[in-house]
1. Considering every residue within region 302-319, establish whether at least one is in contact with a Leu (Cβ under 6 Å, 6 or more places away or on another chain) and either open to solvent by 60 Å² or more (accessible area, probe 1.4 Å) or closer than 14 Å to D279 by Cβ (or both).
2. Residue pairs, Cβ under 7 Å, 6 or more apart or interchain, first in region 115-142 and more than 29 Å from F38 (Cα to Cα), second open to solvent by less than 10 Å² (accessible area, probe 1.4 Å) and of a type in the set (V, I, T). List them.
3. Which residue pairs have Cβ atoms closer than 6 Å, lie 6 or more positions apart in sequence or on different chains, and pair a first residue in region 208-223 that is without any contact (Cβ under 8 Å) to a residue 24 or more places away in the chain and in a helix (DSSP H, G or I) with a second residue that is loosely packed, with under 15 Cβ neighbours inside 10 Å and not small (G, A, S)?
4. So which residues in region 174-197 are part of a helix (DSSP H, G or I) and buried (at least 24 other Cβ atoms within 10 Å of the Cβ), if there are any at all?
5. I'd like the full set of residues that are touching a strand residue (DSSP E or B) at 6+ places or on another chain (Cβ under 7 Å), without any contact (Cβ under 8 Å) to a residue 40 or more places away in the chain and over 19 Å from R312 (Cβ atoms), limited to region 244-266.
6. Does region 339-357 contain at least one residue that is of a type in the set (F, W, Y) and open to solvent by less than 20 Å² (accessible area, probe 1.4 Å)?
7. Specify the residue that is most open to solvent (accessible area, probe 1.4 Å); the eligible residues are those in region 1-17 that are in a strand (DSSP E or B) and touching a residue at least 24 places away in the same chain (Cβ under 8 Å).
Amino acid sequence: MGKTIKLPRAGGELYEYKLAGTAPIASPSVPLQGRIAFSAVHVVCDPFAEAEPLLGAAIDWQTTMAYRHHLWSLGLGVAEAMDTAQRGMGLDWPRAKELIGLSLKEAESVNGKIACGAGTDQLMPGPQVTIDEVIRAYEEQCEYIESRGGQVILMASRALAAAAKSPEDYERVYGTILRQVSRPVILHWLGDMFDPALAGYWGERNVDAAMDVCLRIIHTHPDKVDGIKISLLDADKEVQMRRKLPNGVRMYTGDDFNYPELILGDEQGYSHALLGIFDAIAPVAAAAIHALDQGDIAQYRALFNPTVPLSRHIFQRPTYAYKTGIVFMAYLNGHQSHFRMLGGAEGARSILHLAELFTLADQAGLLAKPELAVHRMKQVLALSGIE
């Protein structure tokens, strides 16, 4: 007899949901080979800290690091201090700096793959910020990461988006930084659905024109660019850009809607991965890429395809609230003892959204401990007055 739970529907109706009873996905026992797969990973806040959620970022470092070890154990890489970690949305540069330093040490201890976000969040975006200040902010963060042996992910900058007057300003900033870095970086083009402050990035409102600016920067500095992650939720645009990259420069998909097809690729190439959803679906993601390594495309699709409805649900509008669903998954699966987030972001999604997330996770085989997941879902429901 399968486990059941009463879940809410819109309008106040409750219905009985019976769990699918799918066995948890077995983790691969060998390293992943055919694709580089980074998970942009969340942080776990400290619920016992006196700091108010809206005023300070209090992090449970032990649990936060334990989750990174979980990802490394599956063969996934860690993309540290990205927007999944609430960078610029609860996590400020001083705490991000501490997070990066700790994660680099932990990665070294297990030979785990890691790359770290460098941004400009020392600056408050506004007309008072100059291009030179943006450059200095990027320089500070890149120097910190590289001085500790880390690879840089050059994150999109709110301050640059506010300060730049033309595509040439972007070319100046990125050109300056790329000439200085000691090893190739991963560029990051984050669409405004993830962060409205990044509208018109690269100095162009039209996506094709913006892509041309970005490609011009990459083609000018191909030896300093490992790859580019684009998060536009537009598979056609990603493939279009992928085919225009210089030889040796990778495309890292950031498309949380269309990742199975983009990672699989076509006769002209494929995308590697740097995805927020991999935080929530890590065991399945690792198993699917392992199946791809074995040439088992049917198994690859059978594993990945059921995760897409979950991912599209977690990343539905407002897309930037996706982090709530990511942390909720970690809570359901026992990777943290509470459903609290920096800045009180656990309240960014409705109880109906979380209930639907629960069912989609179950159907994708992503509830590792069903009894625990049911117990914790019931606790969250009770907080909303649903007993």
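The values are calculated or read from the model by the stated rules, or taken from the named source; none is laboratory data. What you see is a predicted model; the values in this text were computed from it and never measured. Here the Cβ is made from the backbone with ideal geometry for all residues, glycine too, and neighbour counts use every protein chain on show. These accessible areas exclude ligands, DNA and RNA; they are computed on the full protein's heavy atoms, side chains included. Shrake-Rupley method; radii C 1.70, N 1.55, O 1.52, S 1.80 Å.
1. The first filter runs over region 302-319 and keeps only residues in contact with a Leu (Cβ under 6 Å, 6 or more places away or on another chain), leaving 309-310, 313.
Filter once more, so that each one left must be either open to solvent by 60 Å² or more (accessible area, probe 1.4 Å) or closer than 14 Å to D279 by Cβ (or both): 309-310.
Yes, region 302-319 has at least one match.
2. That search, which allows pairs on different chains as well, returns I131/V173.
3. Pairs that qualify, where the first residue is without any contact (Cβ under 8 Å) to a residue 24 or more places away in the chain and in a helix (DSSP H, G or I) and the partner is loosely packed, with under 15 Cβ neighbours inside 10 Å and not small (G, A, S): there are none.
4. Once the filter is applied, which keeps residues that are part of a helix (DSSP H, G or I) and buried (at least 24 other Cβ atoms within 10 Å of the Cβ), region 174-197 yields only Y174.
5. Hits for region 244-266 are L245, V249, M251.
6. Here is the first cut: in region 339-357, the residues of a type in the set (F, W, Y) are 339.
Those left that are additionally open to solvent by less than 20 Å² (accessible area, probe 1.4 Å): none.
No: region 339-357 contains no residue that is of a type in the set (F, W, Y) and open to solvent by less than 20 Å² (accessible area, probe 1.4 Å).
7. From region 1-17, those in a strand (DSSP E or B) are 4-8, 14-17; that's our starting set.
Adding the requirement that they be touching a residue at least 24 places away in the same chain (Cβ under 8 Å) leaves 5-8, 14, 17.
Numbers: I5: 4, K6: 121, L7: 0, P8: 15, L14: 75, Y17: 26 Å².
So the residue we want is K6.
Every residue, every condition in (1) in contact with a strand residue (DSSP E or B) (Cβ under 8 Å, 6 or more places away or on another chain); (2) under 26 Å from D60 (Cβ atoms); (3) at pLDDT below 95, yes or no:
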position: I100; (1), (2), (3): yes, yes, no
position: A107; (1), (2), (3): yes, yes, no
position: G117; (1), (2), (3): yes, yes, no
position: G149; (1), (2), (3): no, yes, no
position: I177; (1), (2), (3): yes, no, no
